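Have a look at the structure below before the remarks.
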Amino acid sequence: MATLLLDDGTIETELSEIVRELEPLGIHLSHYDPGTSLLFPNLLDQDLVTESEKRYILGLHNSVFEFLQQENGYLWCDLQSVHPGSPNLQTQITTYSQYHTHTTAEPIYVLAGEMIYGFVRPDGSHVQLLLQAQDYLHIRAGVEHWCSPSASLHFKAIRYFTNAEGWMPHYTGTQLSDSLNKPR
């Protein structure tokens, strides 16, 4: 289940409170447990997943999450699998761990592992969101954010697309908040 770290050091773990904090930013967070992970638990623990295994996982989730695709106009999805041995891992981290926006929404469903997102609030303060398995995040187009794997460098997530160009980052130059990175 997701955890939200506010700029003042407050940690929020209640989904309803996290949703309340993120909603004004144009961010929707839900937690879905469709039970599909029971059908492929070994695949979630593996670092490497074959193309046929990816198709199997995506096929199961496409049927379960058809309502999301119809509701939001997603045309296709892919499975992103990140682990410590991933090719170009450092490039991916560098690309997305800077504040940026997208021209289309950024929807993602975490199957396994953890991801961290950072957001700028209208008052200029920053928040960090830790996503875990079964968290679904929908960031509307134009929302300033960054993302990165957690320290474990492990996650599997389904990304949804309305067009490929929409996921290209447009960097804003906003600096990461020092207050969130200081020990408490």
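The values are calculated or read from the model by the stated rules, or taken from the named source; none is laboratory data. Quick caveat, the model's predicted, so the values are computed rather than measured. Note: ideal-geometry Cβ built from the backbone for every residue, glycine included; neighbour counts use all protein chains shown. Accessible surface areas use protein heavy atoms only, side chains included; no ligands, DNA or RNA. Shrake-Rupley method; radii C 1.70, N 1.55, O 1.52, S 1.80 Å.
The figures follow:
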item: Failed criterion for residue 139 (all others in (1) within 23 Å of residue 9 (Cβ to Cβ); (2) surrounded by 14 or more Cβ atoms within 10 Å (Cβ to Cβ) hold); result: (1)
item: Matching residues, the range 2-26, being touching a strand residue (DSSP E or B) at 6+ places or on another chain (Cβ under 8 Å), assigned to a loop (DSSP other than H, G, I, E, B) and loosely packed, with under 14 Cβ neighbours inside 10 Å; result: 13
item: Some residue of the range 47-66 being out of contact with any helix residue (DSSP H, G or I) (no Cβ under 9 Å at 6 or more places or on another chain) and within 14 Å of residue 135 (Cβ to Cβ); result: yes
item: Yes/no for residue 144 being in contact (Cβ under 8 Å) with a residue 12 or more places away in the chain and open to solvent by 30 Å² or more (accessible area, probe 1.4 Å); result: yes
item: Cross-chain or 6+ apart pairs with Cβ under 6 Å, the range 1-23 first and farther than 19 Å from residue 110 by Cα, then basic (Lys, Arg) and assigned to a loop (DSSP other than H, G, I, E, B); result: 9/184
item: Matching option when the condition is within 20 Å of residue 167 (Cα to Cα), touching a Phe, Trp or Tyr at 6+ places or on another chain (Cβ under 9 Å) and of a type in the set (A, V, I, L, M, F, W, C), among 79, 29; result: 29
item: Out of 25, 29, sole residue that is closer than 15 Å to residue 120 by Cα and among the hydrophobic types (A, V, I, L, M, F, W, C); result: 25
item: Only one of 126, 138 that is touching a residue at least 24 places away in the same chain (Cβ under 8 Å), under 25 Å from residue 172 (Cα atoms) and in contact with a Ser or Thr (Cβ under 7 Å, 6 or more places away or on another chain); result: 126
item: Selection within the range 82-99 - over 26 Å from residue 61 (Cβ atoms) and either free of Cβ contacts under 8 Å to residues at least 12 places away in the same chain or outside any loop (DSSP other than H, G, I, E, B) (or both); result: 90, 91, 94
item: The range 127-181 - residue that is β-branched (Val, Ile, Thr) and outside any strand (DSSP E or B) and, of those, modelled with the lowest pLDDT; result: 162
item: Search result, residues across the range 27-60 that are open to solvent by less than 20 Å² (accessible area, probe 1.4 Å) and modelled with pLDDT of 90 or more; result: 27, 29, 30
item: Per-region count, the range 27-43, residues under 20 Å from the mean Cα position of the chain (by Cα) and either assigned to a strand (DSSP E or B) or over 14 Å from residue 135 (Cβ atoms) (or both); result: 8
item: Which numbered condition residue 87 misses (of (1) open to solvent by less than 60 Å² (accessible area, probe 1.4 Å); (2) under 21 Å from residue 147 (Cβ atoms); (3) not aliphatic (A, V, I, L, M)); result: (1)
